[in-house]
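Working notes, beginning with the structure itself.
The values are calculated or read from the model by the stated rules, or taken from the named source; none is laboratory data. In this text, all values refer to a predicted model and were calculated from it rather than measured experimentally. Note: ideal-geometry Cβ built from the backbone for every residue, glycine included; neighbour counts use all protein chains shown.
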Amino acid sequence: MSENARSTAVEKMRADGVADVAVKTFAHYYELLQAGETGTLAESEIEPVETLPDADELADDDEGANDALARTVVVKLNGGLGTSMGMTGPKSLLEVKDGLTFLDITVQQIRDLREHTGARLPLVLMNSFATRDASLEALAPYPDLPVDGVPADFLQSKVPKLAADDLTPATWPGDPALEWAPPGHGDLYPSLLSSGLLEALLDGGYRYAFVANVDNLGAVLEPRILAWFAREEIPFLMEVADRTAADRKGGHLARRSDGGLVLREIAQTPQEDVETFQDTARHRFFNTNTLWIDLRALADVLDTRDGVLGLPMIVNRKTVDPGDADSPAVIQLETAMGAAIDVFDGAQAIRVGRERFAPVKTTDDLLALRSDAYELTESGRMVLAAGRTEAPLVELDARFFKLVRDFEARFASGPPSLVQAQRLTVRGDVAFGAGVVVRGEVTVEHDGDGQRRIEDGTVLEG
């Protein structure tokens, strides 16, 4: 852990053309790591959050909303390739519903908001080098989407993976691209600055940013929240929802001893506190990763901190080749964008309904959204079918369904009807025919040789 190792890592970034702000930010976290910081946040340092403002209780404020909408930009995080599902292209180009991709539906949402509010409402993607070209090409059929003076995207940065034993930059000659890692979505802030987009937006009269993951189709700009956010002059706002057993591993909201809000991720939790971390009765609210940011407040904080926001560090331990558990152990230094709630004076969180959180992280999620348990409205909103209050729980055998190509092959005739289902569990290699209906709680098992087929029109009842 020598100073020479740090210099080597910094020079590697500079040689690859990484922006100065990103280099400076990486150096900040490297020094913390060198000093022995682990990036952990113990249970003894925080308290649970008991109550929060509720989005459902906000009053309508059309005048305030319209005024704020005229100065708002929508930013969607679009850097992922969906590698966990076996994809090689942008995850946002995966078909989700009615032949439309995440990106198509996002555009539909923007167009609807523009039509009903009259706002210019630019859409900006935070792309990675791996997603940029394909995603911009996918937007080409929407010539009405660009807004004068606002670029369609900006690029997130990258950092070198570090050898776990001595913190030197990892090398992997067989595939040098694997020597680099994304620095987590906390890179949003330095990349907004280094790209020049933050300054350009402020110069263009934009004051507020609505930020969300492109794969969360429930995260649609809500004018009532925007009006309240602007009226209260909140510098940073995080949307949180009630935690359930399904959210036990997701980052939760907490309070520090001084009363300030903080986000704790499971990667920041000491092993002895993991059980408490996952206690949904104690830590009631999880981060949906949907944020509202006052761009002027962000520029002021970045200026005060010389471009380094100083978010809590996440030390992510992996192997240099994620697909090879025997490849050398590495450390990836990351940050979470929601962790900025700990940086802004006056930052707040607001409780939102579960309908604003509908991400696709696995093919389990994808099957639920593709099924008739969800409907896609003309405004591009993904909503539960009439009569449903929550999504069906889907658990597919990862051995046969984890990868999109395997998932597609086993649902070649389309998803089963899940509108009357509470739970669908599939164990083993099973293929579904057309028109299959699932009702109640159903488990389908196959532990024999070959593949079991659920014939066309079969009704499965628990």
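Scanning region 116-146 for residues being hydroxyl-bearing (Ser, Thr, Tyr), out of contact with any strand residue (DSSP E or B) (no Cβ under 9 Å at 6 or more places or on another chain) and part of a helix (DSSP H, G or I) gives a total of 1. Test Ser44 against the criterion of being in contact with a helix residue (DSSP H, G or I) (Cβ under 9 Å, 6 or more places away or on another chain), without any contact (Cβ under 8 Å) to a residue 24 or more places away in the chain and closer than 30 Å to Val240 by Cα, and give yes or no. Criteria met by Ser44. Looking across region 56-81, the residues that are part of a helix (DSSP H, G or I) and more than 25 Å from Ser191 (Cβ to Cβ) come down to Asp56, Glu57, Asp62, Glu63, Gly64, Ala65, Asn66, Asp67. Every condition in (1) in contact with a helix residue (DSSP H, G or I) (Cβ under 9 Å, 6 or more places away or on another chain); (2) under 23 Å from Gly428 (Cβ atoms); (3) among the hydrophobic types (A, V, I, L, M, F, W, C) holds for Ala349 except the one numbered (2). Applying the criterion of being out of contact with any Ser or Thr (no Cβ under 9 Å at 6 or more places or on another chain) and charged (D, E, K, R) to the residues of region 7-28, the residue that is nearest to Phe129 (Cα to Cα) is Asp16. Every residue in region 1-53 that is of a type in the set (S, T, N, Q), over 24 Å from Ser257 (Cβ atoms) and assigned to a loop (DSSP other than H, G, I, E, B), please. If the condition is that a residue be of a type in the set (S, T, N, Q), over 24 Å from Ser257 (Cβ atoms) and assigned to a loop (DSSP other than H, G, I, E, B), then Ser2 is the only one that fits.
Criterion applied to Arg453, Arg427, Arg410 was being among the charged types (D, E, K, R), surrounded by fewer than 15 Cβ atoms within 10 Å (Cβ to Cβ) and not assigned by TED's automatic domain parsing to the domain that holds Gly99, and the one residue passing it is Arg453.
The conditions of being under 23 Å from the mean Cα position of the chain (by Cα), crowded, with 20+ Cβ neighbours inside 10 Å and of a type in the set (Gly, Ala, Ser) are met by Ser135.
Restricting attention to region 425-462, the residues that are hydrophobic (A, V, I, L, M, F, W, C) and out of contact with any helix residue (DSSP H, G or I) (no Cβ under 8 Å at 6 or more places or on another chain) add up to 9. Restricting Ala35, Ala59, Ala68 to those that are of a type in the set (A, V, I, L, M) and either touching a His at 6+ places or on another chain (Cβ under 8 Å) or modelled with pLDDT of 95 or more (or both) reduces the list to Ala68. Within region 411-426, one or more residues are at pLDDT 95 or above and on the phi > 0 side of the Ramachandran plot. Scan region 104-115 and give yes if some residue there is assigned to a helix (DSSP H, G or I), surrounded by fewer than 20 Cβ atoms within 10 Å (Cβ to Cβ) and modelled with pLDDT under 95, otherwise no. No, every residue in region 104-115 fails to be assigned to a helix (DSSP H, G or I), surrounded by fewer than 20 Cβ atoms within 10 Å (Cβ to Cβ) and modelled with pLDDT under 95. Is one or more of the residues making up region 302-319 more than 30 Å from Glu355 (Cα to Cα), more than 23 Å from the chain's Cα centre (by Cα), in the same structural domain as Asp247 (by TED's automatic domain parsing) and aliphatic (A, V, I, L, M)? No, every residue in region 302-319 fails to be more than 30 Å from Glu355 (Cα to Cα), more than 23 Å from the chain's Cα centre (by Cα), in the same structural domain as Asp247 (by TED's automatic domain parsing) and aliphatic (A, V, I, L, M). Against the list (1) buried (at least 21 other Cβ atoms within 10 Å of the Cβ); (2) among the charged types (D, E, K, R); (3) free of Cβ contacts under 8 Å to residues at least 12 places away in the same chain, the condition Asp203 fails is (1).
Every condition in (1) within 20 Å of Phe26 (Cα to Cα); (2) at pLDDT 95 or above is met by Val315 except one, and the failing one is (2).
Look at Thr288 and say whether it is free of Cβ contacts under 8 Å to residues at least 24 places away in the same chain, β-branched (Val, Ile, Thr) and either in contact with a helix residue (DSSP H, G or I) (Cβ under 9 Å, 6 or more places away or on another chain) or surrounded by fewer than 17 Cβ atoms within 10 Å (Cβ to Cβ) (or both). So Thr288 does not fit the description; no.
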